[in-house]
Amino acid sequence: MTEKKYSFDSNESYQVSDVAFNYSTSKVSSLELITQILGGAKAIGKKINNFLEFLSLSEKGLSIAVLMHLQKRMKFTNREMGKALEISESTLQRRLREGKRLDKKESESAIQLASLWAKGIEVFEDENDFRVWLEMNNTALGNNKPIELLHSPIGREEIKEVLNRIEWGIYS
C-alpha cells in the first residue's frame, strides 16, 4: 500500500492511502450500478450524483418506468415484484396500466432492492449466480431463502449483511 500526498491548503497536506482512495471510487461504481439497475438517468429523469439524491427521488415517488426496468432486470413476475414492494399484484398491475408513480414507501423499497441487487452483482460478479443464490436456503438467514426476505427492510438489510460477509470471505 502506497501513500499519496494531497494538498488542500497551502499550509497543510494530507496523506491518503491507496486503499482509502480505491474505496471511495468503488462507491461511485456502486452508485452507477444502482442507477443502471433502476433504468439510468433517462428512466429516473435525472443523473444521480450521490446516494442522498435517492431520498428526494423517493419523496417525489419513482416513475412506473423505473419500476418496470427494475422488475425486468430482476426477472420478477408481477406477483414477485408486488410481494417485494409489499403491494398486491392487482395494485401493481393497476399502477402499471395507469402509469402512476410509486408512493414514498414503495419508492424506498424499490431503491433498496436495486441497492441489494447491485451488492449481489458486485459480490458474485455474475448476476445469474446471484439469482441462484437468492433461491437457496441460507443458514445465516435462519435457513430461509434470501428471496423470501426481500419484502421487508429488515430482511433486505440481513441479506446485505450476509453478502458483505461473503465478500470479505467470512463463512455465511
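The values are calculated or read from the model by the stated rules, or taken from the named source; none is laboratory data. Remember, it's a predicted structure, so these values are computed and weren't measured experimentally. Don't worry about glycine lacking a Cβ; one is built from the backbone with ideal geometry, like all the others, and counts go over all protein chains shown. Just so you know, the surface numbers come from the protein's heavy atoms only, side chains and all, with ligands and any DNA or RNA stripped out. Shrake-Rupley method; radii C 1.70, N 1.55, O 1.52, S 1.80 Å.
The table for this structure:
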read-out	value
Residues located in region 95-109, provided they are over 14 Å from the mean Cα position of the chain (by Cα) and open to solvent by 20 Å² or more (accessible area, probe 1.4 Å)	Arg95, Leu96, Arg97, Glu98, Gly99, Lys100, Arg101, Asp103, Lys104, Lys105
Subset of region 124-172 [under 16 Å from Met74 (Cβ atoms) and hydrophobic (A, V, I, L, M, F, W, C)]	Phe124, Phe130, Val132, Trp133, Leu134, Ile147, Leu149, Leu150, Ile159, Leu163
Condition met for Asn78 (of a type in the set (S, T, N, Q) and in contact with a strand residue (DSSP E or B) (Cβ under 9 Å, 6 or more places away or on another chain))	no
Filter result (open to solvent by less than 40 Å² (accessible area, probe 1.4 Å) and not aliphatic (A, V, I, L, M)) within region 141-172	Pro146, Ser152, Gly155, Arg156, Ser172
Of residues in region 64-80 being open to solvent by 30 Å² or more (accessible area, probe 1.4 Å) and of a type outside the set (A, V, I, L, M), the one nearest to Arg131 (Cα to Cα)	Lys75
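Residue-wise test of (1) among the small types (Gly, Ala, Ser); (2) open to solvent by 60 Å² or more (accessible area, probe 1.4 Å); (3) within 21 Å of Thr35 (Cβ to Cβ).
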| residue | (1), (2), (3) |
| --- | --- |
| Gly82 | yes, no, no |
| Ile111 | no, no, yes |
| Ser115 | yes, no, yes |
| Phe124 | no, no, yes |
| Thr139 | no, yes, no |
